[in-house]
Amino acid sequence: MDDQTIAFIGGGNMAGALIGGLLQRGLTPADLVVVEPWAPQRDRLAAKFGLQALAEAGPALARAGTVVWAIKPQSFAEAAAPCRAHVGGALQLSVMAGIRSERIAQATGSDRVVRAMPNTPALIGQGIAGLFARDSVTADERAQVEALLAPTGRTLWVAQEADLDAVTALSGSGPAYVFYLLEAMEAAAARMGLPPAQGRALAQATVAGAAALAGQSAEPPATLRAQVTSKGGTTHAAVSALDAAGVGPAIVTAILAAQQRAKELGDAF
């Protein structure tokens, strides 16, 4: 290994998505190492990617230029303790929710910390991740992080670490809101007598198509909605029912609740 080695602490789904993307970009299994205590997952990683998967942290980590923390936040303290002796010279990239950069810096001995808040569409290359870098991270290292995360989708930088709580609430938890909408659309389809497969296909295509249209339009969502809402028509009836039920304000309240919970978890961890 050389100083371009990327070490992953944790070998779950997010780590697997990043590893697959890095190998597609031209890195080799020799450029990567994973610490994954759970033997079945360790065996799967070794079989799928042909890389070195370790049961515990060791001297191999000392050659890593970047360490990616991809474990559950409640496991961070236990996982970081045996790593500290080997990773102090590396750039630390965390995809953990809730663990603040100051704590990562203290636990690893490196002040060069970037926090990323990705979301689950990253697993199919359609995600978006909010990023925050501590002052010690250089412009080149920011570019390296962007390149590392590129296979998972888009990235954007926030100026304050506290903004990651908003990113968590909006996009990190956001896929669940979309799935919630899809559940309701499918339930309505069933009430109207459509077969489940047809209801699901119509709901999924509609949500995906509407999101794609919004992404390609310079108009705000309110304008796009107004363009398809003729007074007295079917869409007007539906939107009026949503307004009467207070759905819009309820969604805002839900996202703010997620932001507050993200802050509480950061305080707790």
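Taking the DSSP bridge list for the chain and keeping only pairs wholly inside it, about 15 percent are antiparallel.
Does the chain come out rounded, prolate or oblate, given a ≥ b ≥ c as the square roots of the eigenvalues of its C-alpha gyration tensor, rounded meaning a/c under 1.5 and, failing that, prolate meaning a/b above b/c? Display every interim value, and only then the final one.
Details: a/c = 2.38, a/b = 1.94, b/c = 1.23.
Prolate.
Straight Cα distances below 25 angstrom link residue 72 to the lysines 48, 263, with same-chain residues fewer than 8 positions distant left out.
If the only charges are +1 at each Lys and Arg Cβ and -1 at each Asp and Glu Cβ, what is the size of the charge dipole of the chain around the Cα centre, to the nearest 20 debye? Please report the intermediate quantities before stating the final value.
On the way: 20 positive and 22 negative charges, 110 e Å.
Roughly 520 debye, rounded to the nearest 20.
Each peptide among 168-174, 133-139 gets the average number of other Cβ atoms lying within 10 Å of its residues, and from highest to lowest they stand as 168-174, 133-139.
Inter-label distance, residue 24 to residue 240: 4.7 nm, where each label sits 7 Å from its Cα along the C-beta direction. Between the range 65-86 and the range 204-256, the C-alpha centres lie 42 angstrom from each other.
Coordinate-derived values only; no laboratory data. Please read these numbers as outputs of a predicted model, since none were measured by experiment. Note that each Cβ is placed from the backbone with ideal geometry, even for glycine, and that neighbours are counted across all protein chains shown.
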